[in-house]
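Below: the structure, in structure tokens.
The values are calculated or read from the model by the stated rules, or taken from the named source; none is laboratory data. Remember, it's a predicted structure, so these values are computed and weren't measured experimentally. Using ideal geometry, Cβ is built from the backbone for each residue, glycine included, and neighbour counts are taken over all protein chains shown. What goes into the accessible areas is simple: the full protein's heavy atoms, side chains included, and nothing from ligands, DNA or RNA. Shrake-Rupley method; radii C 1.70, N 1.55, O 1.52, S 1.80 Å.
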Amino acid sequence: MRTETLHIPTEDGRADAFAAFPDDGERHPGVLMYPDGFGIRPVLRDMACELARHGYYVLVPNIFYRNGPTPVIELPEHIGEEDRPAVFAQLMPLIEAHTAERTLRDADAYLGFLASRPEAGAGPVAVTGYCIGGLLATRTAVAHPGRVAAVAAFHGPVGADGTDSLAKLTAEVHFGHAEGDLTPDALDGINQALDTAGVGYTSEIYPGTAHGFTMSDTDAFDARALQHHWDRLLPLLGGALSRS
């Protein structure tokens, strides 16, 4: 396993990023992994490395690079409920400033950079994301139908741009929703849009979960739900990227 810290040229500057990939001299399918709002930190690096062990080149960008390099804000080792008010007071202005236009400009840069890496395959890629990163992953997949073969989002506000946007997806999809994040009616709306898109998908509420359930450095962490996330993500990527 090999890891690198990289810098990606964008229209608005340079985004630092973390990459993980097999150290075997071969080219591997690319995965663009958007972090949650807490950004690149040990738990995200560990998840990228775990995915890379399955044969992928995984690129994790600092989505808030305009505000500084990683770490953009200082975080406790474990983000508990008592820490959230102070952390979100710093994060929310960054999240609110990260418009759809910024997302798409950055996505062009990230995907272009991924295509330039000698360790990454030349074919289509997958995009995955957590929390706000799930929305960014979905926007990226909608905007790049010929480039993105699979998209996965976990505890992310994937419907924030409206269900009409989801109906434009061409990638294969998995959405893993936290039980506290949306109602069954909202889930039905998302799934109806995916039906309209005509793509292969799974979109489900992970029972008993809170927002952030994949992140082991938060109080929301659910080990069983994280395993279910891998059980959904790995077959999705293996199927979509092997056919590309």
Residue check, ARG53 basic (Lys, Arg) and either farther than 23 Å from THR3 by Cβ or in contact with a strand residue (DSSP E or B) (Cβ under 8 Å, 6 or more places away or on another chain) (or both): no
Any hit, the stretch 125-133, residues being touching a strand residue (DSSP E or B) at 6+ places or on another chain (Cβ under 7 Å) and either assigned to a helix (DSSP H, G or I) or among the polar types (S, T, N, Q) (or both): yes
Any chance ALA167 is over 23 Å from ASP106 (Cβ atoms), at pLDDT 95 or above and open to solvent by less than 70 Å² (accessible area, probe 1.4 Å): yes
Any hit, the stretch 202-220, residues being without any contact (Cβ under 8 Å) to a residue 24 or more places away in the chain and not in a loop (DSSP other than H, G, I, E, B): no
Tally of residues being farther than 19 Å from VAL151 by Cβ, surrounded by fewer than 14 Cβ atoms within 10 Å (Cβ to Cβ) and either touching a residue at least 40 places away in the same chain (Cβ under 8 Å) or not acidic (Asp, Glu) (or both) across the stretch 180-201: 2
Candidates LEU94, LEU75, filtered to the one that is in contact with a Lys or Arg (Cβ under 7 Å, 6 or more places away or on another chain) and at pLDDT 95 or above: LEU75
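A quick yes/no check of all residues on (1) under 15 Å from the mean Cα position of the chain (by Cα); (2) charged (D, E, K, R); (3) closer than 23 Å to LEU241 by Cα:
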{"residue": "GLY37", "(1), (2), (3)": "yes, no, no"}
{"residue": "LEU44", "(1), (2), (3)": "yes, no, yes"}
{"residue": "ASN62", "(1), (2), (3)": "yes, no, no"}
{"residue": "GLY68", "(1), (2), (3)": "no, no, no"}
{"residue": "GLU74", "(1), (2), (3)": "no, yes, no"}
{"residue": "GLU77", "(1), (2), (3)": "no, yes, no"}
{"residue": "PRO85", "(1), (2), (3)": "no, no, no"}
{"residue": "ALA126", "(1), (2), (3)": "yes, no, yes"}
Filter pass, GLY37 being open to solvent by less than 80 Å² (accessible area, probe 1.4 Å) and within 24 Å of ALA120 (Cβ to Cβ): no
The stretch 155-198, residues that are in a loop (DSSP other than H, G, I, E, B) and farther than 15 Å from THR140 by Cβ: HIS155, GLY159, GLY162, ALA167, GLU179, GLY180, ASP181, LEU182, THR183, GLY198
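Give the stretch 72-101 a look and list any residue that's part of a loop (DSSP other than H, G, I, E, B) and surrounded by fewer than 13 Cβ atoms within 10 Å (Cβ to Cβ), or say none.
Selection gives GLU74, PRO76, GLU77, HIS78, GLY80, GLU81, GLU82, THR99.
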